[in-house]
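Asker: Below is the structure I would like to discuss, written out as structure tokens.
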Amino acid sequence: MQLDLSILRTAQAMASYANQRQSLVAANVANADTPGYKARDIASFSKTFNQPDQSFTLRTTRAGHMQPSATSAGISNVIFSKGEQSPNGNTVSLETEMTKAVELRQQYDMALGIYQKSINILRTSLGR
């Protein structure tokens, strides 16, 4: 029997995406009065999820192998807001950031719900 747990990996990726994006939203709110600060966000989940996993490094074991490319650590898909700029150069809109925070809470709750339902299905299939 082959067990495919890709739904659990997807739920984990959704939660991780919401976590990273929430960190940027919090930084935006914290810097709402900082002159010249540009609001940051992350590209959509589908673009982020389809990127190759950067949490490991490749190594060459034979002469014919391709050399791994250097990637930046941390959040690699940060985009800067093109919103309206205040007179001091700041682009943070607290209304927009609060809306994002609510949206992220919903995304995180959905990821947690998917994970919990998947675990319940596995438990049921095991007879527990």
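Asker: As an exercise: evaluate Gln54 against (1) over 21 Å from the mean Cα position of the chain (by Cα); (2) modelled with pLDDT under 80 and give the number of the one condition it does not meet.
Answerer: (1)
Asker: While we're here: Do you know which of the residues in the range 77-96 that are among the hydrophobic types (A, V, I, L, M, F, W, C) and in contact (Cβ under 8 Å) with a residue 40 or more places away in the chain is surrounded by the most Cβ atoms within 10 Å (Cβ to Cβ)?
Answerer: Looking at the filtered set, the residue picked out is Val92.
The values are calculated or read from the model by the stated rules, or taken from the named source; none is laboratory data. Because the structure is predicted, anything quoted here is derived from the model rather than measured. A quick note on method: Cβ atoms are made from the backbone with ideal geometry, for glycine too, and the neighbour counts reach across all protein chains shown.
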